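Reading through the structure tokens given below for one structure.
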Amino acid sequence: MTAHAAEPAPVVPPMPERTPKALREAIMQNTPQLLPDFDEHWKWAVADAYDISTVPAFMARWWGEYAIARDPKLDAHVSGLERRAAESTELAEAKACLEEVSHIRHRVQRLEPGQ
């Protein structure tokens with residue numbers, strides 16, 4: 001019998017430059033499941049609105065979405081916490097789960113390009 005080496009953990013891609021174009025490219029390459037929502041949000045929030053003042057809020061949202069989605073373990077953890085909160089019949093448990101999700105979302109906002 002041959003021993004099989006454990007599969008290496010997937011490499012989490014680095015964060016891109018903090019521009020809409022670079023973020024879209026990173027999403028396209030690493031988390032393509034996010035691309036339709038990213039493009040739709042861009043269209044109505046920025047392009048169709050003819051309002052570039054909305055770009056910082058748009059970038060904050062999608063910076064966090066990509067930061068979580070690019071890491072399968074973190075993405076599964078956040079999804080699990082959100083699912084537990086939704087299914088919980090105990091207010092304290094639901095609150096604790098959502099507070100942890102909030103802390104994670106705030107932490108990923110502080111990621112810099114290349115991290």
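Read the figures in this text as sums done on the coordinates, not as results from a lab. Remember, predicted model here, so these are calculated numbers, not experimental data. Cβ coordinates were reconstructed from backbone atoms using ideal geometry, including for glycine residues, and neighbour counts include every protein chain displayed.
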Quiz item: When only DSSP loop residues count, what trypsin sites (Lys or Arg not before Pro) in the stretch 44-115 have their Cβ near at most 11 other Cβ atoms within 10 Å?
Solution: R110
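Using a 10 angstrom Cβ neighbour count of at most 14 plus a DSSP loop assignment to flag exposed GluC sites (Glu not before Pro), which longest range of the chain is free of such sites? Before the final figure, lay out each step's value.
Values: sites that count: E17, E90.
The longest uninterrupted stretch comes out as 18-89.
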Quiz prompt | For the stretch 17-33, Karplus couplings with θ = phi - 60° (6.51, -1.76, 1.60), whole Hz, Gly/Pro x | solution = 4, 8, 10, x, 5, 5, 5, 4, 4, 5, 4, 4, 7, 10, 9, x, 5
Exercise. Rank I104, I68, I27 by mean-square fluctuation in a GNM of the chain with C-alpha springs under 10 angstrom and give only the top-ranked residue.
Key: I104
Quiz item: From the phi of every residue in the stretch 50-63, what ³J(HN,Hα) in whole Hz does the Karplus formula 6.51 cos²θ - 1.76 cosθ + 1.60 yield, where θ is phi - 60° and glycine or proline is x?
Solution: 6, 9, 6, 5, 8, 4, x, 5, 4, 5, 4, 4, 6, 4
Quiz item: Once Cα Rg over 2.2 N^0.38 Å is worked out from the coordinates, which option in (i) 1.28; (ii) 1.03; (iii) 1.35 does it equal?
Solution: (i)
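Based on the Cβ-Cβ distance from R18 to A96, what FRET efficiency comes out when R0 is 41 Å, to the nearest 0.05? Could the numbers behind the result be given before it?
Values: r = 31 Å, r/R0 = 0.76.
Once the sixth-power term is evaluated, E becomes 0.85.
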Self-check item: Cα→Cβ-extended label distance, 7 Å offset, between D48 and Q109, nm
Solution: 2.6
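Report the net charge of residues surrounding W44, where surrounding means a beta-carbon distance below 14 angstrom and charges are Lys +1, Arg +1, Asp -1, Glu -1.
Details: positive: K43, R61; negative: D37, D39, E40, D48, D51.
The answer is -3.
Do any chymotrypsin sites (Phe, Trp or Tyr not before Pro) in the stretch 46-98 lie in a DSSP loop with no more than 12 other beta carbon atoms within 10 Å, and if so, which? Walk me through the numbers on the way to the answer.
Working: sites: Y50, F58, W62, W63, Y66; in loops: Y50.
Sites meeting the loop and neighbour criteria: Y50.
What number comes out for the charge environment of Q109, summing +1 per Lys or Arg and -1 per Asp or Glu over other residues with Cβ under 13 Å away?
Values: positive: R18, R61, R105, R107, R110; negative: E65, E112.
Here the charged neighbours net out to +3.
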Self-check item: Rel. contact order, % - alpha carbon contacts under 8 angstrom, at least six apart, the stretch 33-109
Solution: 26
